[in-house]
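As structure tokens, the structure follows; a few thoughts come after it.
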Amino acid sequence: LLKHYSRYLTIEKLVVNPEFVTLLKSLRDEGWQDWHIFLAITNFILDYKSRLKLKELSSQNEEQFKILFNEMRKLDEAEFRVKFPIDAFTTPEFRFQIKNTMILILESFGLANPSKYPNFDAIREFLDVRFNMVEDGSGDKNPFKDIK
């Protein structure tokens with residue numbers, strides 16, 4: 001069912017975990033859309049796996065990280081499994097990832113954020129107003145659609 005998602009194994013485990021359901025509802029209450037949450041989970045997993053692989057290399061720089069990140073993105077999750085307990089998605093690192101998703105979305109529209117310390121809430125509000133991001137565009141492919 002979830003195989004078309006790049007992080008399908010982790011998502012399959014999360015959606016049946018009552019603690020994740022509570023976390024998901026909490027994030028929704030904060031105004032995050034399911035696709036924001038899914039994108040943040042995906043990027044969080046890819047970031048973590050890329051950093052694990054980066055530690056194995058003698059050349060550890062930003063360019064190598066980007067290469068590994070793209071490799072991890074294309075890799076079936078079954079080929080490089082890492083267990084992500086629910087607590088991983090309650091960490092400050094994940095909270096940063098979900099906020100930073102707003103920067104990635106901004107950049108996807110060809111816009112930039114030159115701030116050293118971005119105001120994530122203002123960026124999210126801008127995206128909500130300018131691009132109607134307040135509507136959850138996840139549709140039928142939303143892995144969290146059955147969680148009410």
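The values are calculated or read from the model by the stated rules, or taken from the named source; none is laboratory data. Keep in mind the model is a prediction, meaning the values are calculated, not measured. Neighbour counts are summed over all protein chains in view; Cβ atoms, including those assigned to glycine, are modelled from backbone coordinates with ideal geometry. Heads up: the accessible areas ignore ligands, DNA and RNA and are worked out on the full protein's heavy atoms, side chains in. Shrake-Rupley method; radii C 1.70, N 1.55, O 1.52, S 1.80 Å.
Output the qualifying pairs, or none if there are none: Cβ atoms under 9 angstrom, residues six or more apart or on different chains, first residue in the stretch 7-31 and within 16 Å of ILE45 (Cβ to Cβ) and of a type outside the set (D, E, K, R), second residue open to solvent by 50 Å² or more (accessible area, probe 1.4 Å) and part of a helix (DSSP H, G or I).
PHE20/LYS13; LEU23/THR90
Report yes if ALA122 is open to solvent by 30 Å² or more (accessible area, probe 1.4 Å), aliphatic (A, V, I, L, M) and over 30 Å from THR22 (Cβ atoms), otherwise no.
no
Test PHE144 against the stated conditions and say whether it is open to solvent by less than 40 Å² (accessible area, probe 1.4 Å), aromatic (Phe, Trp, Tyr) and assigned to a helix (DSSP H, G or I).
no
Whether any residue in the stretch 69-81 is part of a loop (DSSP other than H, G, I, E, B) and either more than 29 Å from LYS53 (Cα to Cα) or touching a strand residue (DSSP E or B) at 6+ places or on another chain (Cβ under 8 Å) (or both) is what I want to check.
No.
Identify all residues within the stretch 35-82 that are of a type in the set (S, T, N, Q), open to solvent by 40 Å² or more (accessible area, probe 1.4 Å) and at pLDDT 85 or above; write none if there are none.
Within the stretch 35-82, GLN64, ASN70 meet the criteria.
Can you report the number of residues in the stretch 83-110 which are open to solvent by 30 Å² or more (accessible area, probe 1.4 Å) and under 22 Å from ASN17 (Cα atoms)?
8
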